[in-house]
Amino acid sequence: MTDHGGTAPAGRRHAASGIVLDATAKRIIEQLQQDGRRSYAAIGKAVGLSEAAVRQRVQRLLEAGVVQVVGVTDPMMLGFSRQAMIGVRTDGDLTAVADRISDLDGVDYVVVTAGSFDVLVEVVAADDDELLKILGAVRAVPGVTGTETFLYLKLHKQIYAWGTR
C-alpha cells in the first residue's frame, strides 16, 4: 500500500483484499489496536506521516476489510448473562454450514476448524432461554450432526492488541 498510487514496497499481501501491508500500514494498525480512538494526527506523528495520509490509509484498510474500529464490550456488563462457545460437528459442506450458522441471531463468531469440532460458534444471550433458542437454531442447520456447549463463567482476558508481526 502506498500513499500516492505508486508501486507498493515489499510487504505482506492481505489475501482477501489483495492489499499490501507495508511496514507503515502495520504500524498504523498497531496504533489503532492500542487505541481505536487515537487521532489521525497522533498516529501520523507516531508513524511519520501527515494526518491526511494516515486518514487515507486507514480508510483504505477499512474499505478492504483489513481492519475494523469498534467498541469492544464485556457482554456480562451489558446485561447478557450467558456467553458460550458451541463446538459443532457436521457432515457435508463445512462452508455451507458455517454460512448458515453465521446468519443466526445471537451468533457473534464462527470459525471452521480442524480437530474434534468442524465449526466453533461463539454466542451471546440475555438468559438461559435465549441460549437454548440459539442452540436449537444451530442444531437445526442442515448438516449439523452434533454440538457441545461450553458455558462461559467469567471473562478473564480479552485483548485485541497482538500487533501485526
Restricting attention to the range 66-85, which residues are over 11 Å from A125 (Cβ atoms), surrounded by 14 or more Cβ atoms within 10 Å (Cβ to Cβ) and modelled with pLDDT of 75 or more? V66, V67, M85
For the range 130-155, how many residues meet the condition of being among the hydrophobic types (A, V, I, L, M, F, W, C), within 21 Å of the chain's Cα centre (by Cα) and either part of a loop (DSSP other than H, G, I, E, B) or surrounded by fewer than 16 Cβ atoms within 10 Å (Cβ to Cβ) (or both)? 3
Test: T95 is among the polar types (S, T, N, Q), assigned to a loop (DSSP other than H, G, I, E, B), without any contact (Cβ under 8 Å) to a residue 24 or more places away in the chain and open to solvent by 30 Å² or more (accessible area, probe 1.4 Å): no
Going by the conditions given, is L135 among the hydrophobic types (A, V, I, L, M, F, W, C) and closer than 15 Å to D91 by Cα? no
Among residues belonging to the range 45-65 that are surrounded by fewer than 12 Cβ atoms within 10 Å (Cβ to Cβ), within 20 Å of the chain's Cα centre (by Cα) and of a type outside the set (D, E, K, R), point out the one that is nearest to V20 (Cα to Cα). G65
Given (1) part of a loop (DSSP other than H, G, I, E, B); (2) modelled with pLDDT of 90 or more; (3) under 22 Å from L131 (Cβ atoms), where does A114 come up short, assuming only one miss? (3)
For V121, all conditions in the list (1) free of Cβ contacts under 8 Å to residues at least 40 places away in the same chain; (2) loosely packed, with under 12 Cβ neighbours inside 10 Å; (3) closer than 25 Å to L155 by Cα hold save one; what is the number of the exception? (2)
Of all the residues that make up the range 117-129, how many are small (G, A, S) and not in a loop (DSSP other than H, G, I, E, B)? 1
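The values are calculated or read from the model by the stated rules, or taken from the named source; none is laboratory data. The structure displayed is predicted, hence computed values, not measured ones. Cβ: placed from backbone, ideal geometry, glycine included. Neighbour counts: every protein chain shown. All accessible areas refer to the heavy atoms of the entire protein, side chains included, with ligands and DNA or RNA removed. Shrake-Rupley method; radii C 1.70, N 1.55, O 1.52, S 1.80 Å.
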